[in-house]
Amino acid sequence: MEEIGQNLERVRTQIADAAKRSGRSADEIELVAISKTHEVEKVHAAFDAGQRLFGESRVQEARAKIPLLPSAARWHFVGRLQKNKIRHAVPLFELFHSVDSIELARDMNRIAEEEGLHPRVLLEVNLAGEGSKIGFAPDALRAGMETLLAFPRLMVEGLMTIPPLAPEGEASRPFFIALRELKEQIEKEFGAPLPQLSMGMSGDFPVAIEEGATLVRVGTAIFGKRTPAKVRAERAGEI
């Protein structure tokens, strides 16, 4: 597991370098180590190397994994949240990156009220209009923003996007610029501060930082390629 610590150090250096290029402090950017599908041992190795913030995308997997990690670990939800999993998810995660519809926000708000919680959320934006991805179209987000901001239990803190897959990180830059500009437009129009921009993954996070990312979601560059589902199940004794 020594390579995980080395990978983390490499990623942190890249974050610092990208921040410096854009005239920012590295302290303005938070690294979310995407631990989804990775074994607890790998996540523990990252924790031992100083990483505290992790990202999961499946509620069931997170419910099994989180109790096995130190209590000082912090958790963000980065996947598509199913409505029937909201009640289990809300107490587990300090930030949800992927609220993709008014309906989901309404259900989260209702359950949060029942549970006495105030979830922090980001709104996912599908800037490229890809049918394979969830998220608000920019115009739909602006149209629904007043409703989203009115939910009393939800703390809307910013926007998130996932650009189309590309061989070079530079190809993501136009989408990162567009998300930053959309954030600024919404802040001006609705008078609501949106301090967080979640954008950038293993292949393009330095570019995202140059364009204003405050949260970067990095998995493969830290943990390596994901273990196939069948192998994970065999190791867990499920098959």
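Points to keep in mind about this one:
- Candidate set from segment 25-55 (those that are touching a residue at least 24 places away in the same chain (Cβ under 8 Å) and under 12 Å from the mean Cα position of the chain (by Cα)); member that is nearest to Thr214 (Cα to Cα): Glu30
- Boolean, Ile102 is surrounded by 15 or more Cβ atoms within 10 Å (Cβ to Cβ), within 22 Å of Gln60 (Cβ to Cβ) and among the aliphatic types (A, V, I, L, M): no
- Residue pairs meeting the criteria (Cβ under 7 Å; at least 6 apart or on separate chains; first free of Cβ contacts under 8 Å to residues at least 60 places away in the same chain and over 15 Å from Glu170 (Cβ atoms), in segment 196-214; second assigned to a loop (DSSP other than H, G, I, E, B) and not hydroxyl-bearing (Ser, Thr, Tyr)): Leu197/Gly212; Leu197/Ala213
- Single residue of segment 161-199 satisfying the filter (in a helix (DSSP H, G or I) and among the aliphatic types (A, V, I, L, M)) that is surrounded by the most Cβ atoms within 10 Å (Cβ to Cβ): Leu179
- Screening segment 1-104 for helices (runs of 4 or more DSSP H) wholly inside it with 2 or more residues that are among the charged types (D, E, K, R) and under 18 Å from Arg226 (Cα atoms) returns the ranges 2-21, 40-48, 59-65.
- Test: Glu56 is surrounded by 17 or more Cβ atoms within 10 Å (Cβ to Cβ), over 21 Å from Pro152 (Cα atoms) and among the charged types (D, E, K, R): yes
- If only residues of segment 98-141 that are among the acidic types (Asp, Glu) and at pLDDT 95 or above are counted, the one that is farthest from the chain's Cα centre (by Cα) is Glu114.
- Picking from residues in segment 112-133 that are within 15 Å of Met199 (Cβ to Cβ) and touching a strand residue (DSSP E or B) at 6+ places or on another chain (Cβ under 7 Å), the one that is surrounded by the most Cβ atoms within 10 Å (Cβ to Cβ) is Leu123.
- The residue that is nearest to Thr37 (Cα to Cα), counting only those in segment 92-114 that are in contact with a helix residue (DSSP H, G or I) (Cβ under 7 Å, 6 or more places away or on another chain) and of a type outside the set (Val, Ile, Thr), is Leu92.
- Residue count for segment 204-239, restricted to those that are in a loop (DSSP other than H, G, I, E, B) and either at pLDDT 95 or above or buried (at least 22 other Cβ atoms within 10 Å of the Cβ) (or both): 6.
- Taking every residue in segment 132-157 that is closer than 25 Å to Pro91 by Cα and pairing it with any residue that is surrounded by fewer than 12 Cβ atoms within 10 Å (Cβ to Cβ) and among the polar types (S, T, N, Q), at least 6 positions away or on another chain, yields no pair with a Cβ-Cβ distance below 8 Å.
- Restricting segment 134-160 to residues that are part of a loop (DSSP other than H, G, I, E, B) and in contact with an Asp or Glu (Cβ under 7 Å, 6 or more places away or on another chain), the residue that is surrounded by the fewest Cβ atoms within 10 Å (Cβ to Cβ) is Ile134.
- Conditions (1) surrounded by fewer than 20 Cβ atoms within 10 Å (Cβ to Cβ); (2) touching a Phe, Trp or Tyr at 6+ places or on another chain (Cβ under 7 Å); number of the one not met by Asn84: (2)
The values are calculated or read from the model by the stated rules, or taken from the named source; none is laboratory data. No experiment lies behind these values; they were computed from the predicted model shown. So basically every Cβ, Gly included, is an ideal-geometry build from the backbone, and we count neighbours across all protein chains shown.
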